Every structure is written in structure tokens, then in C-alpha cells.
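S.K.: Next up is a structure, given as C-alpha cells.
The values are calculated or read from the model by the stated rules, or taken from the named source; none is laboratory data. As the structure is a computational prediction, the values presented were derived from the model and not from experiment. Cβ coordinates were reconstructed from backbone atoms using ideal geometry, including for glycine residues, and neighbour counts include every protein chain displayed. Ligands, DNA and RNA are excluded from the accessible area calculation, which covers all protein heavy atoms including side chains. Shrake-Rupley method; radii C 1.70, N 1.55, O 1.52, S 1.80 Å.
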Amino acid sequence: MTDDPSQQFRLDDRIVLVTGASSGLGERFARTAAAAGARVALAARRVDRLDSLAAEIPLAHAFSCDLSEPGQGESLVDRVVEHFGGIDVVVNNAGVSHVVPALDYPVEEFTRELQLDLVAPYAVARRAASWMIPNGLSGSIINVGSVLGTVAGGRLRAPGYAAAKGGLHNLTRELASQWARKGVRVNTLAPGWFASEMNASMLETEGGRAYIDNGTPMGRQGRPHELDGALLFLASAASTFVTGTVLYVDGGWTAI
């Protein structure tokens, strides 16, 4: 161990898979991991955006993948391992959110949302762990949850998203308990309100901004860099005794 505590947050030569990396939080997570020395696997549906991002990040590679389709999560991990020769960290970030009252939200649409927001992260995590464990690796799986995985949206009606993120938080605990003695840590990073494509329409309205500002004790939405430290903490050797936790970065949203 180094005498410099800051070095624990480095990811030098670690292979980090980020899903949903073509925009928003996923793009930021990819850039943050790369800045800490990681080799980054960028996964999303929009190949043009992935290729542009890969061109800007040293040692990054783009993987086209539609995680809403069954089997794509497992295939993605296999391709990452084949290209890089392994996988050390997974950031399960891909997701979707539909704001619609439950009575107006068909079961079929609810099911599709759970496929991307809950089933796909499980598939990716399971496949990654099945490679990490027999190879004796100390792996880290980071599920990107949400404050709506812990509390209801109130006036913001998102039954599929809330159900999926609530399930993802507890799936994190379950997988962490199963794999803790096998060297694989599983944690959730749960952001509060940060600007992204998913919530852009909401942030463009005065009512949407007021909902966030009034409901957040710090009185504002998060800034992109305010997730960097939490991501690096969970991905790196700085958190080797941390598993099964939900780390909120939410300005106090879940505290009240």
C-alpha cells in the first residue's frame, strides 16, 4: 500500500465497463474512469456517439448493445472480455424512465421498462461475476440506482422506474451478500437530480425545476462533477471493505 491515500482512488489498467455511455451520466462516468487510468468499455445503442466518445478517451472501445433485448447483457460482457482480456469494474448505468400515472401505464410497457432498468443490470452483473470469481479477481459492480428507488416520486409519477430502481437497490444487497466471500463487491450509486437526457424535458419547465429545488434540502440539482468522487470510491481500492451499500448523492433528498 502507498503512503499517499489519494492513490487508492486510481484505476490504472483496470477494465471498466460503462453501460448507457453515449450521453449524460454514463458519458461522465466513462470520462471519470478514464481520467483515473482505466481502460473503458463504452456500451450503448447509439454507435455514432460511442465512436465519437471513444475517439476522445485513451484506450477506450465502443460496444454497440441494446440492453432492452434479452441476452444482450451476457453477450456484451463476453465481447468486453474478449477484447480487453478481462473485466474489473461494471457500471450498470443504462436505463429509461417513463413519467405516466400507473392507471395509464399498460403492463406491457411496465414490463419493458423493468427489462432495461432491472433485468439487464442483473444479467450484466451475473455474467461479469461469473468471469471474475473463477479468475480470482477482486471485482466491483456498481449499479446506478436513484432516489426513487427509496422514496416515491410524489407528483412525479413513474411506477416502472420506481419499481425497477427499488428492486435494483435490494438486488445489490442480495448479490453483495452472495459474492462477498468470492471477492466481488456490489454497491449502488444513487444520484438525486442531475441533468440528463432522461429528465431534460422536466428541467426545462419552471414547475419541474421548482419540484427539484423545493424538494432538495440543498435547494438545487446536482452538478456533473459531484458524482465523480462517489464513482471512484466505489470502483477503486478505496472501498475494499464496502459492499451491499446504497450511496446517495442527492443533496439530502432522501433525508426528509
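S.K.: Can you tell me the accessible area per residue over the stretch 138-218, all protein chains present, probe 1.4 angstrom, in square angstrom?
M.R.: Numbers: 3490 Å² over 81 residues.
Value for the stretch 138-218: 43 Å² per residue.
S.K.: Residue 245: accessible area at probe 1.4 Å, nearest 10 Å²?
M.R.: 50
S.K.: Right, next: Quick check: the angle from helix 24-35's long axis to the longest principal axis of the chain, C-alpha only, nearest 10 degrees?
M.R.: Here the helix axis deviates by roughly 20 degrees.
S.K.: Which of these, 246, 184, 81, has the largest mean-square fluctuation under a Gaussian network model of the chain (Cα springs below 10 Å)?
M.R.: Most flexible of the set in this elastic network: 81.
S.K.: Work out from phi, with θ = phi - 60° and the Karplus expression 6.51 cos²θ - 1.76 cosθ + 1.60, the ³J(HN,Hα) of each residue of the stretch 89-96, listed in order in whole Hz, and give x for Gly and Pro.
M.R.: Computed from phi, the couplings for the stretch 89-96 are 9, 10, 10, 7, 10, 4, x, 9 Hz.
S.K.: Taking the chain as the reference, fit the longest principal axis to its C-alpha atoms, fit the long axis of helix 47-56 to the helix C-alpha atoms, and give the angle between the two in degrees, 0 to 90, nearest 10.
M.R.: 60
S.K.: Assigning unit charges at the beta carbon (Lys, Arg +1; Asp, Glu -1) and nothing else, what dipole magnitude in debye, to the nearest 20, does the stretch 6-80 show about its Cα centre?
M.R.: Working: 9 positive and 10 negative charges, 50 e Å.
Using Cβ point charges on Lys, Arg, Asp and Glu, the stretch 6-80 gives about 240 debye.
S.K.: Related question: Taking Cα atoms of the chain, Rg/Rh with Kirkwood Rh, to two decimals?
M.R.: 0.95
S.K.: Per residue and in cubic angstrom, what volume does the convex hull of the Cα atoms of the stretch 132-180 have?
M.R.: 70
S.K.: Another question about this same structure. Would you calculate the convex hull of the Cα atoms in the stretch 116-234 and tell me its volume per residue in Å³?
M.R.: Convex hull volume per residue, Cα atoms: 113 Å³.
S.K.: Another one. Of the residues 224, 134, 191, which exhibits the maximal mean-square fluctuation in a Gaussian network model of the chain defined by a 10 Å Cα contact cut-off?
M.R.: Comparing 224, 134, 191 in a Gaussian network model of the chain, the most mobile one is 134.
S.K.: As a check on your grasp of the helix formula, calculate [θ] at 222 nm for the chain: sum -39500 (n - 2.57) over DSSP H runs of n ≥ 4, divide by the residue count, round to the nearest 500.
M.R.: Theoretical 222 nm ellipticity from helices: -11500 deg cm²/dmol.
S.K.: I'd like the Karplus ³J(HN,Hα) series for the stretch 17-23: coefficients 6.51, -1.76, 1.60, θ = phi - 60°, whole numbers in Hz, and an x wherever there's a Gly or Pro.
M.R.: My calculation for the stretch 17-23 gives 9, 10, 8, x, 8, 7, 6 Hz in order.
S.K.: Still on this structure, please answer the following. Would you tally the net charge around residue 160, using a Cβ to Cβ cut-off of less than 9 Å, leaving residue 160 out, and scoring K and R as +1, D and E as -1?
M.R.: The answer is -2.
S.K.: Roughly what angle does helix 206-215 make with the longest principal axis of the chain, taking Cα atoms, 0 to 90 degrees, to the nearest 10?
M.R.: The two axes meet at around 70 degrees.
S.K.: Just from the alpha-carbon atoms, what are the Rg and Dmax of the stretch 1-113 in angstroms?
M.R.: Radius of gyration, then largest Cα-Cα span, for the stretch 1-113: 16.3, 58 Å.
S.K.: Hey, another quick one. Are there GluC sites (Glu not before Pro) in the stretch 13-82 that DSSP marks as loop and that have at most 11 other Cβ atoms within 10 Å, and which are they? Display every interim value, and only then the final one.
M.R.: Values: sites: 27, 56, 74, 82; in loops: none.
Listed in order of number, the matching sites amount to none.
S.K.: Now for a different question. To the nearest 10 square angstrom, how much accessible area does residue 78 have with a 1.4 angstrom probe?
M.R.: Taking all protein chains as shown, residue 78 has close to 70 Å².
S.K.: In addition: Using a cut-off of 13 Å between beta-carbons, work out the net charge of the residues near residue 251 (Lys and Arg +1, Asp and Glu -1, residue 251 not included).
M.R.: Residues near residue 251 contribute -1 overall.
S.K.: OK, next. Students often check this: by mean Cβ neighbours within 10 Å, which of 162-172, 35-45 ranks highest, and how do the rest follow?
M.R.: Peptide ranking by packing, descending: 35-45, 162-172.
S.K.: Find out how many positive minus negative residues lie around residue 90, taking Lys and Arg as positive, Asp and Glu as negative, among other residues whose Cβ is under 12 Å from that of residue 90.
M.R.: Here the count lands on +3.
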